[in-house]
Amino acid sequence: PADTLKTHFPAQMKVAPVSKIRDLVQLQLPGLALRAMPGAPPQIPWHAGYSYFELDKNSELWKEMERSGAFALHLAGEFPGLNMEFWAIRSQSES
């Protein structure tokens, strides 16, 4: 169910610069924080039954991610039937 995904997925997903992900996983440290969104941002397609999350951009890890130019994802646990998409939305100041 969507409510279970919104509560468990952020705790099981790590997003970080490629150079950091292995250490974060091995040391069981968090990656960038994920926040559940009430719906799809207007810049991307909406899909019925999907849950949408955004990355917390107010951290030192985010600054490292901006400099690295590459990111990695690590999902622990089981999420049967999970269909995941990762979208990047350019900020207004970068347009």
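The values are calculated or read from the model by the stated rules, or taken from the named source; none is laboratory data. Quick caveat, the model's predicted, so the values are computed rather than measured. Please note: Cβ atoms are built from the backbone with ideal geometry, for glycine as well, and neighbour counts cover all protein chains shown.
Can you name the number of the only condition in (1) among the β-branched types (Val, Ile, Thr); (2) touching a strand residue (DSSP E or B) at 6+ places or on another chain (Cβ under 9 Å); (3) not in a loop (DSSP other than H, G, I, E, B) that Ile44 fails?
Checking Ile44 against (1) among the β-branched types (Val, Ile, Thr); (2) touching a strand residue (DSSP E or B) at 6+ places or on another chain (Cβ under 9 Å); (3) not in a loop (DSSP other than H, G, I, E, B), the one that fails is (3).
Are any residues in region 35-58 touching a helix residue (DSSP H, G or I) at 6+ places or on another chain (Cβ under 9 Å), at pLDDT 90 or above and among the small types (Gly, Ala, Ser), and if so, which ones?
If the condition is that a residue be touching a helix residue (DSSP H, G or I) at 6+ places or on another chain (Cβ under 9 Å), at pLDDT 90 or above and among the small types (Gly, Ala, Ser), then Ala36, Ser51 are the ones that fit.
Hey, could you check region 1-30 for residues that are more than 11 Å from Phe71 (Cα to Cα) and small (Gly, Ala, Ser) and say which is nearest to the chain's Cα centre (by Cα)?
Ala11
Here is a check on your reading of the model: is Gln12 polar (S, T, N, Q) and in contact with a Gly (Cβ under 9 Å, 6 or more places away or on another chain)?
In short, yes.
Return the residues of region 35-50 that are farther than 14 Å from Trp87 by Cα and touching a residue at least 40 places away in the same chain (Cβ under 8 Å); say none if nothing qualifies.
Residue satisfying the conditions is Gly49 alone.
Can you tell me which residue in region 51-74 is nearest to Phe9 (Cα to Cα), limited to those that are out of contact with any Phe, Trp or Tyr (no Cβ under 8 Å at 6 or more places or on another chain), in contact (Cβ under 8 Å) with a residue 24 or more places away in the chain and not charged (D, E, K, R)?
My answer is His74.
Applying the selection to region 59-76, what residues are modelled with pLDDT of 90 or more and charged (D, E, K, R)?
Result: Glu60, Lys63, Glu64, Arg67.
Just for region 55-95: of the residues that are in a helix (DSSP H, G or I) and among the basic types (Lys, Arg), which one is nearest to Arg35 (Cα to Cα)?
Selected residue: Lys63.
Inspect all residues belonging to region 77-84 and state whether any of them is modelled with pLDDT under 90, surrounded by 13 or more Cβ atoms within 10 Å (Cβ to Cβ) and out of contact with any Pro (no Cβ under 8 Å at 6 or more places or on another chain).
yes
Within region 1-34, track down each residue that is in a strand (DSSP E or B) and more than 21 Å from Pro80 (Cα to Cα).
Listed by number, the residues that qualify are Ala16, Pro17.
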